[in-house]
Amino acid sequence: MTVPLFDTATPLEPLREGIDAAIARVLESGRYILGPEVEAFEREFAAHCGARHAVGVANGTDALTIALRAMGVGPGDDVVVPSFTFYASAEAIPPTGARPVFCDIDPESLCVTPETVAAALTPRTKAVVAVDLFGNVAPVREIERLGVPVLEDAAQAAGSTTDDGRPGALGTAATFSFFPSKNLGAFGDGGAITTDDDDVADRCRMLRFHGSYDKTTFAHVGYNSRLDELQAAILRVQLPHLDGWADGRRAAAAHYEAAGLGELVALTRPVAGAHPAWHLYMARHEAIDRIAAALRQAGIGSKPYYRVPAHRQPAMQEWGAGVELPATEDAARTNLAIPMSPVLGAAQAAEVTGVVRQALVGATA
Ligand SMILES: Cc1ncc(COP(=O)(O)O)c(C=O)c1O
């Protein structure tokens, strides 16, 4: 049985008619930028997250830079960020004028903790980027108790929940990516910022439109970074299904556990109080290359993530050189994403687990 790493197509099949109708509606309207679909999506997505505001932007990377600037981050400031994340979490910081300061992660949840953040605080720390990695939800409220505002990078965590509320409503602001493979994916690039803070929301709206409040006077050097009407209309069709898909992702994780995968490899531990809609499902093991080879041979998708973590990327040398992050290095070296989707069933989870078991039996023989 072949099992793909992602399955973005099957969950969308029943929505095809609704998506076609949404696209037709936009074409008939003739409005493509910042119109009624974006406004409606912003309202609906904010309500979904439990935040007062959502601001649609062009992608999840712009969302981070714009949100940081809207939170007052600028030249001379430091921003704490994990290194074990997609590069964009760190890349978004220097364009604000601030300096990324890399912190470590918890080795089991793979998210930052109040302790790993505290170890990286400096007198100039203006904000923390807490990444909801792989759909897990970073302990945002506990980190804010350190007295520093948190921007939650929830690019991978649409659909996740916690006992305290959803990603997008936990810190000062949160950012999302609607890249097609994400839990809530557009048919192109897209992103959003959510916040309860009226001033932050206002500044995000201004910055996404060339730094102008009235589209006549340009008060700041901003960005041309907007979610477009077609993507917003497509996302609106999908949003009501996001929670059902999240349940499917949690069920897939439960299938892996029932098949005994956790006895073979280290799985990601949910942060206390979090109910992750797993975006990527990670297996960690010292013999991960052997597992990857066996999966490849069996026609099962898998992929290592962030083998060279952000602080060791060439472009980050100025800020990353000499930084030592042991849990980050371990996770980078030993991880492998295995198939995960809202429709991954028990038989597929058993197949993947069986191949992993065989690979490890072979390793010790
Ligand atoms: C954790 C994280 N942050 C930021 C981004 C950037 O999002 P985008 O690709 O929409 O710019 C991504 C995804 O690509 C991501 O996974």
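The values are calculated or read from the model by the stated rules, or taken from the named source; none is laboratory data. Since the model is a prediction, treat every value here as computed from it, not as a measurement. Neighbour counts are summed over all protein chains in view; Cβ atoms, including those assigned to glycine, are modelled from backbone coordinates with ideal geometry. Calculation scope for accessible area: heavy atoms of the full protein, side chains included, ligands and nucleic acids excluded. Shrake-Rupley method; radii C 1.70, N 1.55, O 1.52, S 1.80 Å.
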Taking the Cα centroid of the range 192-248 and of the range 23-59, what is the distance between the two, rounded to the nearest whole Å? 8 Å
Carbon and sulfur atoms: what percent of the 1.4 Å accessible area of the range 230-365 do they account for? 53 percent
Please sort by residue number the trypsin sites (Lys or Arg not before Pro) in the range 54-158 whose DSSP state is loop and whose Cβ has at most 16 other Cβ atoms within 10 Å. Arg124, Arg145
Students often check this: by mean Cβ neighbours within 10 Å, which of 342-350, 53-61, 5-13 ranks highest, and how do the rest follow? 53-61, 342-350, 5-13
Volume per residue that the Cα convex hull of the range 84-180 spans, once the total is divided by residue count, Å³: 98 Å³
Rg/Rh for the range 257-365, where both radii come from Cα atoms and Rh is the Kirkwood radius: 1.02
Take each complete run of DSSP H in the chain, measure how far its Cα atoms stretch along the helix's own axis, and keep only those covering 18 Å or more with mean Kyte-Doolittle hydropathy at least 0.0; list them. 16-29, 346-364
Send over the per residue convex hull volume for the chain, Cα only, as a whole number of Å³. 130 Å³
Sort Met340, Met1 from largest to smallest accessible area, using a 1.4 Å probe on the heavy atoms of the protein chains. Met1, Met340
What Kirkwood hydrodynamic radius, in Å, does the range 40-135 give when the mean of 1/r is taken over all pairs of distinct Cα atoms and then inverted? 14.2 Å
Rounded to the nearest 5, what % of the DSSP beta bridges within the chain are antiparallel ones? 60 percent
Which net charge results when you count Lys and Arg as +1 and Asp and Glu as -1 among the other residues whose beta-carbon is under 11 Å from that of Val57? -1
Relative contact order for the chain: what percent, with Cα pairs under 8 Å and sequence separation of 6 or more? 23 percent
Find the relative contact order for the range 1-112 and round it to a whole percent, using C-alpha pairs within less than 8 Å whose residues are 6+ positions apart. 17 percent
At 0.692 mPa s and 37 °C, Stokes D of the range 185-240 from Kirkwood alpha-carbon radius, µm² per second: 262 µm²/s
Averaged across orientations, what area in nm² does the convex hull of the alpha carbons in the range 129-258 project? 9.5 nm²
Please report the spacing between the Cα centers of the range 251-275 and the range 83-99 in Å, no decimals. 30 Å
Hey, how much of the P(r) for the range 7-94 falls beyond 17 Å, as a percent of Cα pairs? 67 percent
Test of understanding: what is the full-extension gain from Arg124 to Thr216, defined as 0.36 nm times their sequence separation minus their Cα-Cα distance? 29.6 nm
